[in-house]
Amino acid sequence: MPEHVRNASRNSLAFGLLAGLVCAGASTALAQSPPDFSGANLGWVAVGTDWTAVPGGPQPVKQDPAHRYVPNNVGGQPTFRIADINNPNLTQFAKDSLKKTNEEVLAGKPMWSRSARCWATGVPGFILTPAQPLFFLQTAQQVRMMHQHDSDVRRIYMNVPHSANVKPSWYGESVGHYEGDTLVIDTIGLTNKTFVDNFRTPHSEKLHVVERYRLIEGGRFIEHHVTIDDPAIFIEPLKVTKRSRRVEAKLAEWRCAAGEINYFGYDADPVPTAEKPDF
């Protein structure tokens, strides 16, 4: 083979290998791009209302096997949740609190979810809110998560540290960053007036929640990986997962505490009311 032909062949091979490496690198970079959960007509609806344990880790609170739980829209008379307080990962304080809630339910109190009674759900309960869509607004400085339910809003401040002294609040202080294709949210400073699940598992103001959000199945679902750490409640940090499915929807104004839901019964949790105006 003539020398110039061999040189041309070697150059073509080298170029092909280089192009392949560049394409592979571009594909990897594309796959690791920060996730975009936002859209003009894009919302996300929770799949189910309970946590799923990460394999090999402690289990979340589940229904007491002695009492059948019947949710809405499955046929039969719906029932309220009764927590299994034999969960080995619960502290005695958590067991005592859940035992009290169970006794109230068994005595006839309608133990509706906190969101159904228009209360702020806190973190991580925010992503367990059912039926109505969740919307995202993402900027370089902030990710805003907006539930259509009662116009509930969370603000995640991006690429900043936590404040030196965080005053407890309904949604705490959330700071976030991207790790490849995952949004990571770290939250502290949560008031103990909320619960970590729909069984009303309590928590203290030491609660620390780390959430990891990523798109799966071609963007049809958000997968939430959540670590819930509170030594007052859990002997070991609880690691759970959750999914939200993509829906076509527009954010609509929706009022909750407008008086029309008092048919739930006067023995239920009172609908929150402001003691003074905000303005």
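Only the coordinates and a few stated rules stand behind these numbers; no lab work does. Just so it is clear, the model here is predicted, and its values are computed rather than measured. Positions of Cβ are generated from backbone atoms using ideal geometry, with glycine treated the same way; all protein chains shown enter the neighbour counts.
Data overview
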{"quantity": "Under 17 Å from the Cα of K95 - aspartates and glutamates, other chains or at least 8 residues apart", "calculated": "D64, D84, E103, E104, D197, D229, D230, E236"}
{"quantity": "Packing-based order for 32-44, 234-246, using average beta carbon neighbours within 10 Å, highest first", "calculated": "234-246, 32-44"}
{"quantity": "Charged-residue dipole, Cβ positions (Lys, Arg, Asp, Glu), the stretch 53-117 about Cα centre, Debye nearest 20", "calculated": "160 debye"}
{"quantity": "Most to least packed among 112-125, 142-155 [average Cβ atoms within 10 Å]", "calculated": "112-125, 142-155"}
{"quantity": "Under 21 Å from the Cα of K100 - lysines, other chains or at least 8 residues apart", "calculated": "K62, K109, K193"}
{"quantity": "Qualifying aspartates and glutamates (Cα of each under 20 Å from Cα of K250; at least 8 residues distant if same chain)", "calculated": "D36, D150, D152"}
{"quantity": "Cα gyration tensor shape of the stretch 140-186, rounded if a/c is under 1.5, else prolate or oblate by comparing a/b with b/c", "calculated": "oblate"}
{"quantity": "Residue exposure sequence - K109, K167, K276 - by fewest surrounding Cβ within 10 Å", "calculated": "K276, K167, K109"}
{"quantity": "Translational diffusion of the stretch 90-189, µm² s⁻¹ [Kirkwood Rh, Cα pairs; Stokes-Einstein; 20 °C; 1.002 mPa s]", "calculated": "136 µm²/s"}
{"quantity": "Ascending count of other beta-carbon atoms within 10 Å, so fewest first, for L207, L215, L90", "calculated": "L215, L90, L207"}
